[in-house]
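The values are calculated or read from the model by the stated rules, or taken from the named source; none is laboratory data. What you see is a predicted model; the values in this text were computed from it and never measured. We place every Cβ from the backbone using ideal geometry, glycine too, and count neighbours over all the protein chains shown. When the accessible area is computed, the model is the full protein with side chains, heavy atoms only, and any ligands, DNA or RNA have been set aside. Shrake-Rupley method; radii C 1.70, N 1.55, O 1.52, S 1.80 Å.
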Amino acid sequence: MDEPDAAHARRQAIIDRLLSDALRPAGGVVLPSHDALPADIRMTVDRLLAKADSERRRSLTYDDLEEALPPRDVTADDLEAIFWVLAEYGIELDEGE
């Protein structure tokens with residue numbers, strides 16, 4: 001009876017490792033949380049989400065993004081964070097019409 005228990009334990013260890021790997025972000029990348037964003041970027045995301053909600057759309061244009069951005073220079077990390085949070089809400093950015 002020890003052999004089936006040992007086989008079960010090995011299978012369970014493999015399953016546990018796979019689950020652990022699946023739950024860990026790829027490449028050590030931590031996705032930005034809305035609450036962890038700088039205040040002006042958080043406001044940008046909120047404006048974009050409100051616009052999408054008010055127009056009942058699942059996509060926004062780059063013009064919409066440009067209008068919502070703060071007046072300061074926005075870094076690539078800021079833009080990536082905006083895209084991630086919007087994607088979490090199912091909102092995509094596209095070229096527009």
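Worth a mention:
- Residue pairs meeting the criteria (Cβ under 9 Å; at least 6 apart or on separate chains; first more than 15 Å from LEU93 (Cβ to Cβ), in the stretch 63-77; second part of a loop (DSSP other than H, G, I, E, B)): PRO70/PRO38; ASP77/PRO32
- A Cβ distance below 6 Å, combined with a sequence gap of six or more or placement on separate chains, defines the contacts here; from the stretch 33-44, residues that are in a helix (DSSP H, G or I) reach residues that are open to solvent by less than 50 Å² (accessible area, probe 1.4 Å) in the pairs HIS34/VAL85; ASP40/PRO70; ILE41/ASP78; THR44/ALA68; THR44/LEU69.
- Boolean, ASP63 is of a type in the set (Asp, Glu) and surrounded by 13 or more Cβ atoms within 10 Å (Cβ to Cβ): no
- Candidate set: the stretch 52-97, residues that are of a type in the set (Asp, Glu) and farther than 16 Å from ILE41 by Cβ; chosen: the one nearest to the chain's Cα centre (by Cα): GLU92
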